[in-house]
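Reading through the structure tokens given below for one structure.
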């Protein structure tokens, strides 16, 4: 999924704003022309001061970056953010995006892979139900 960032705007609130993510690209070719059709959907993007900072220093601004990070982070980083005492990903989704449905799915996940799958399913559902 390729993504492009919308032009920068200042944010003073703690709630997420909309970013733009390319979710589907089609190229139509005829002998004399090529037409590119791009489908975009708005998904939440955290304000600059509410980005998720992973233990390894990487910043996450939205659910797409979160899903990617979950796939590629070390167990040490994951266990720092998710353990018996806390779930930083659930808190970020609930508190910054106000998304109780995804927060509940993240809380139920027992592994990093299950959490990533919950996030990816949520992205797909939000993208194609609009």
Exercise. Is one or more of the residues making up segment 47-68 part of a loop (DSSP other than H, G, I, E, B), more than 20 Å from residue 128 (Cα to Cα) and modelled with pLDDT under 95?
Worked result: yes
Problem set entry | Test: residue 20 is within 24 Å of residue 122 (Cα to Cα), touching a strand residue (DSSP E or B) at 6+ places or on another chain (Cβ under 8 Å) and at pLDDT below 60 | yes
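In segment 71-130, what residues are assigned to a loop (DSSP other than H, G, I, E, B) and farther than 14 Å from residue 60 by Cβ? Break it down stepwise before answering.
We begin by selecting, within segment 71-130, every residue assigned to a loop (DSSP other than H, G, I, E, B); these are 73-74, 83-86, 98-99, 109-111, 129-130.
74, 83, 84, 85, 86, 98, 99, 109, 110, 111, 129, 130 - these are the residues of segment 71-130 that are assigned to a loop (DSSP other than H, G, I, E, B) and farther than 14 Å from residue 60 by Cβ.
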For this session: Find all pairs meeting these conditions: Cβ atoms under 6 angstrom apart; at least six residues apart or on different chains; first residue within segment 49-64 and at negative phi; second residue crowded, with 19+ Cβ neighbours inside 10 Å and part of a loop (DSSP other than H, G, I, E, B).
Result: 51/61; 61/46
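Quick grid of which residues meet (1) in contact with a strand residue (DSSP E or B) (Cβ under 6 Å, 6 or more places away or on another chain); (2) surrounded by 12 or more Cβ atoms within 10 Å (Cβ to Cβ):
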| site | (1), (2) |
| --- | --- |
| 45 | yes, yes |
| 54 | no, yes |
| 65 | no, yes |
| 75 | no, no |
| 83 | no, no |
| 88 | no, yes |
| 92 | yes, yes |
| 97 | yes, yes |
For this session: Considering each residue of segment 98-125, count those that are in contact with a helix residue (DSSP H, G or I) (Cβ under 8 Å, 6 or more places away or on another chain) and within 16 Å of residue 46 (Cβ to Cβ), and give that number.
Result: 7
For this session: Return the only residue of 6, 35 being surrounded by fewer than 14 Cβ atoms within 10 Å (Cβ to Cβ), at pLDDT 70 or above and in contact with a strand residue (DSSP E or B) (Cβ under 6 Å, 6 or more places away or on another chain).
Result: 35
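The values are calculated or read from the model by the stated rules, or taken from the named source; none is laboratory data. Since this is a predicted model, take the numbers as computed values, not measurements. With ideal geometry, Cβ positions are generated from the backbone for all residues, glycine too; neighbour counts draw on all protein chains shown.
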